1. With θ set to phi - 60° and the Karplus curve 6.51 cos²θ - 1.76 cosθ + 1.60, what are the ³J(HN,Hα) couplings of segment 401-416 in order, to the nearest whole Hz, using x for Gly and Pro?
2. Restricting to DSSP H runs of at least four residues, report the calculated mean residue ellipticity at 222 nm for the chain, -39500 (n - 2.57) per run over all residues, nearest 500 deg cm²/dmol.
3. Using a 1.4 Å probe and ignoring any ligands, DNA or RNA, find the accessible area of Met317 and quote it in Å² to the nearest 10.
4. Tell me the label-point distance for the pair Leu426, Glu342, using the 7 Å Cα-to-Cβ offset, in nm and rounded to one decimal.
5. Enumerate the lysines that Lys189 could reach by cross-link, defined here as Cα to Cα under 29 Å, with residues fewer than 8 away along the same chain left out.
6. What percent do you get for the relative contact order of segment 289-419 when only Cα pairs under 8 Å and 6+ apart count?
7. Show me 219-228, 115-124 ranked by packing, highest mean number of other Cβ atoms within 10 Å first.
8. If you add up the charges near Leu131, with Lys and Arg at +1 and Asp and Glu at -1, over every other residue whose beta carbon is less than 11 angstrom from its beta carbon, what do you get?
Amino acid sequence: MKIHIKNGRLIDPASNTDKPLDLFIGAGRIVGIGTAPAGFEPNSVLDATGCVVCPGLVDLAARLREPGFEYRATLESEMAAAAAGGVTSLACPPDTDPVLDEPGLVEMLTHRARLPEFAHVHPVGALTAQLEGKALTEMAELSEAGCVAFGQANRAIVDTQVLLRAMMYAATFDFPVWLQAQDPFLAKKGVAHDGEVAARLGLAGIPVAAETIALATILHLARETGARVHVTRVSSAAGVDMIVAARAAGIGVTCDVAVHHLHLCEVDIGFFNAHARLDPPLRSVRDRDALRAGLASGAIDALCSDHTPVDDDGKQMPFDEAEVGATGLELLLPLTLKWAREMKLPLTTALARVTSDPARILGVKAGSLGVGAAADICVFDPVAEYAVTRENLRSQGKNTPFLGVEFPGRVRYTLIDGHLAFDGTLA
């Protein structure tokens, strides 16, 4: 297919481009920007009048729930959600069932995800066997099978000697290590931020110290081993400060924040709203504001959806018994735009946090528009409202604290390798 995207506002954070430019696509790649190549005759013309044309979004944390949790979501449902959200590349954590600790499992997942309308899937392999924090996995074999990094999802390695050996091994082969900073003992039985709201509701709290103590260990070991460490879903002002200080001291560390934590805080638990049961927990207003400012300044490198579909049975329970997680793939773009508007940021800066910056962390060729690049493209109307309803969400998981809310930012088209994976004009 040869496609001409016309009359759009092209924004490419990787090249700092923001101007009206047409885009020309052929054989799954961008073949012209602004001017069509000689002899170009499009098979299809997409009118992007009033819309932004940008690289497809790159999501650093999207649970696809396969293999093992098909009753919560399927690969097909979550890939449809990704396309509807403008997401063309995503990383999936290793906490599937079975865990992504064998090359055959990784190859099976990536093979199943190779349909034209599916986003590019980049598995994060398990750092330890069964994520038990005891024996290291065969990282070299997992890397050959397609893993872009190695982590523990939201499970900690309690034995710091195991963590040291894992980081030393990863550093030897320059494998990135992705870790969530949360001390399992300080977080034990906790379900909410250890603050006034949890105390009033009688909920067991998870203190900020659970993040900072674990983060201190991670940063010290990163300095000792020279491993490339990425801290996933930082949640506190103190955590951001520690990462900034570590970089100033020469430690190579990156981090991301979950999109829900930019807009919500402990108060949004309300009266035991299980949709707000997240990991890490929603923290104080001060922490939320620090995360928003840190993402704007670049102290936080990227924004992720932390997409975790949960079935209705898992959420229709008392808050402290409800399953952790919220759907996010289809909300990543509108919540990014909402944050940018409230922070008075240029769209180029905001879109960088969900395109070129996460692509850099993943180490993949994505998140940018240039002649010869894969035609992974999102076309969205920044003004049109998107209503978050169970009917509108294509994800099998309908669980989100934003149900019933409308946001500006509706995806019109999503192209993956030049294939029209989503056409919002037909919705």
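The values are calculated or read from the model by the stated rules, or taken from the named source; none is laboratory data. All figures in this text were calculated on a predicted structure; none of them were measured in a lab. Please note: Cβ atoms are built from the backbone with ideal geometry, for glycine as well, and neighbour counts cover all protein chains shown. Ligands, DNA and RNA are stripped out before the accessible areas are found, and what is left, the full protein with its side chains, is counted by its heavy atoms. Shrake-Rupley method; radii C 1.70, N 1.55, O 1.52, S 1.80 Å.
1. Coupling constants for segment 401-416: x, 9, 4, x, 9, 10, 10, x, x, 10, 6, 9, 9, 10, 10, 10 Hz.
2. On the way: 13 runs with 122 residues, N = 427.
Rounded to the nearest 500, the figure is -8000 deg cm²/dmol.
3. 80 Å²
4. Label at Leu426, label at Glu342, 3.5 nm between them.
5. Qualifying lysines at Cα under 29 Å: Lys134, Lys315, Lys398.
6. Working: 186 pairs, mean separation 36.7, N = 131.
Across segment 289-419, relative contact order equals 28 percent.
7. Working: 219-228: 18.4, 115-124: 21.6.
So the peptides 219-228, 115-124, ranked by packing, come out 115-124, 219-228.
8. Details: positive: Lys134, Arg155; negative: Asp95, Asp97, Asp101, Glu132.
Surrounding charge for Leu131 is -2.
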